[in-house]
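Values in this text are rule-based calculations from the coordinates and carry no lab data. Predicted model, so just to flag it, every value in this text is computed and none were measured. With ideal geometry, Cβ positions are generated from the backbone for all residues, glycine too; neighbour counts draw on all protein chains shown.
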Amino acid sequence: MNPADDTELALIHELLIEMGHELGDAPFGDLTVERLELDSLATVELLMLVEERTGVEVPVEPVTSGTTMAQLAELIRAQPAP
């Protein structure tokens, strides 16, 4: 999936680049938290940045090392609008 095809996925992509993460050539939506080497602190930082940009509060509890970026985008979409 091309991140530009999905607003939330594109936002995650942009934020991870801003955070200094190397994303590689794999399909972005298929990358997992573990594959991106996001520890719990980086995951919380990412979710806080999502909230700052969108006003949408995303819970950290459902995010695991196996969560893909596409699943994270879906979790963002599932949250109530501010």
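Remarks
- Charge tally around residue 26: other residues with Cβ under 14 Å, Lys/Arg +1 each, Asp/Glu -1 each, net -4.
- Distance (nanometres) between label positions extended 7 Å along Cα→Cβ at residue 39 and residue 7: 3.4 nm
- The three principal axes of the C-alpha atoms in the chain carry coordinate ranges of 34, 27, 21 Å, sorted with the longest axis first.
- Sorted on the mean count of surrounding Cβ atoms within 10 Å across their residues, most packed first, peptides 14-27, 69-82 read 69-82, 14-27.
- Gain upon complete extension [residue 32, residue 64; 0.36 nm per residue less C-alpha separation]: 10.6 nm
- Magnitude of the charge dipole, the chain, Cβ model with Lys/Arg +1 and Asp/Glu -1, debye to 20: 160 debye
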